[in-house]
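Asks: Before we start, here is the structure in question, set down as structure tokens.
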Amino acid sequence: MNANPQFLAATAAVDDAAIQPLPSSRKVYVEGSRADIRVPMREIAQSDTPAMAGASERNPPVWVYDTSGPYTDPGARIDIRRGLAPLRAAWISERGDTEPLDGPSSRYGRERLEDPKLAALRFDLGRSPRRARAGANVTQMHYARRGVVTPEMEFVAIRENLRRAEYVEALKASGPQGARMAEVLLRQHRGESFGASIPAQITPEFVRSEVARGRAIIPANVNHPESEPMIIGRNFLVKVNANIGNSAVTSSIGEEVEKMTWAIRWGGDT
């Protein structure tokens, strides 16, 4: 084994085991109001329900939250030295409130960029960092308080709904037993909300209002356009935070990405 950092960086590759498709399921995308809003979900196939007599009753697939990103998409080509596709790049650019920098703005960043010994350790990204234009604010909270529903907010709304309405309709259409299951699924005890206010259907406007009120956040750094929008707040789905530490002994690109891909495969969202 070669422990040379430059060798490890040059040969860095994603762990094949961490990107294998999960059994009895497939990656699907739900399109929003525009073609570039494609929200990932995992569609899980269900077996048929045996009937007492006659044909079995078919069960519709179930859609669940998928945090694994393009790593579990069989159609994606992953090169961890080049980074992931910038799915939010057009959304960021069309708002017109950011500008690209010529290079790193810090002295430390410039020194490292000019150090030829670090060339083999750098990502082959070729993308300039961005910053807010003078007087601009580029946070989702700023847009929300101006009454703007961003593509990120629509993405979040679709993701939070998990196609529940479609699933209920599919259950009803599957047969008498499916209709009974749908009825049971829609029952809900009044319970104690402790101040929470979760509508049956999450809309982009609801997302905007929750962010504007300061009750939820959408982490969406303009320098990470590859990130899939998600939301953290009391009126939304619970998210899993994965704290990933690096080793003082060895910490190559491949090793760090491997930790991340396994974390998101099993549900880590932040």
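Asks: Go through the range 60-80 and give me each residue that's of a type in the set (D, E, K, R) and either more than 16 Å from the chain's Cα centre (by Cα) or outside any loop (DSSP other than H, G, I, E, B) (or both). Before you say what the answer is, go through the steps one by one.
Replies: Of the range 60-80, the ones of a type in the set (D, E, K, R) are 66, 73, 77, 79.
Of everything in the range 60-80, those that are of a type in the set (D, E, K, R) and either more than 16 Å from the chain's Cα centre (by Cα) or outside any loop (DSSP other than H, G, I, E, B) (or both) turn out to be 77, 79.
For (1) at pLDDT below 90; (2) surrounded by 13 or more Cβ atoms within 10 Å (Cβ to Cβ), each residue gets a yes or a no:
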site: 174; (1), (2): yes, yes
site: 177; (1), (2): yes, yes
site: 184; (1), (2): yes, no
site: 188; (1), (2): yes, no
site: 191; (1), (2): yes, no
site: 194; (1), (2): yes, no
site: 204; (1), (2): no, yes
site: 210; (1), (2): no, yes
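Asks: In addition: Of 90, 17, which residue is at pLDDT below 95 and of a type outside the set (Lys, Arg)? Show your work before the answer.
Replies: Details: 90 fails: at pLDDT below 95.
After ruling out the rest, the residue left standing is 17.
Asks: Moving on. Do we have residue 120 as out of contact with any Ser or Thr (no Cβ under 7 Å at 6 or more places or on another chain), closer than 26 Å to residue 256 by Cα and not in a loop (DSSP other than H, G, I, E, B) here? Lay out the reasoning, then the answer.
Replies: Numbers: out of contact with any Ser or Thr (no Cβ under 7 Å at 6 or more places or on another chain): yes; closer than 26 Å to residue 256 by Cα: yes; not in a loop (DSSP other than H, G, I, E, B): yes.
It is true that residue 120 is out of contact with any Ser or Thr (no Cβ under 7 Å at 6 or more places or on another chain), closer than 26 Å to residue 256 by Cα and not in a loop (DSSP other than H, G, I, E, B).
Asks: Select from the range 235-249 the residues that are in a loop (DSSP other than H, G, I, E, B) and of a type in the set (A, V, I, L, M) and write down the one among them that is nearest to residue 151 (Cα to Cα). Step through it out loud before you land on a result.
Replies: Step one: list which residues in the range 235-249 are in a loop (DSSP other than H, G, I, E, B), which gives 235-239, 241-249.
Restricting the remaining residues to those that are of a type in the set (A, V, I, L, M) gives 237-238, 242, 244, 248-249.
Details: 237: 19, 238: 21, 242: 26, 244: 29, 248: 40, 249: 42 Å.
Residue satisfying both the conditions and the ranking: 237.
Asks: What number of residues in the range 220-270 are among the β-branched types (Val, Ile, Thr), surrounded by 14 or more Cβ atoms within 10 Å (Cβ to Cβ) and touching a strand residue (DSSP E or B) at 6+ places or on another chain (Cβ under 6 Å)?
Replies: 3
The values are calculated or read from the model by the stated rules, or taken from the named source; none is laboratory data. Because the structure is a prediction, the values reported are computed rather than measured. Counting neighbours? That spans all protein chains shown, and the Cβs are built from the backbone with ideal geometry, glycine included.
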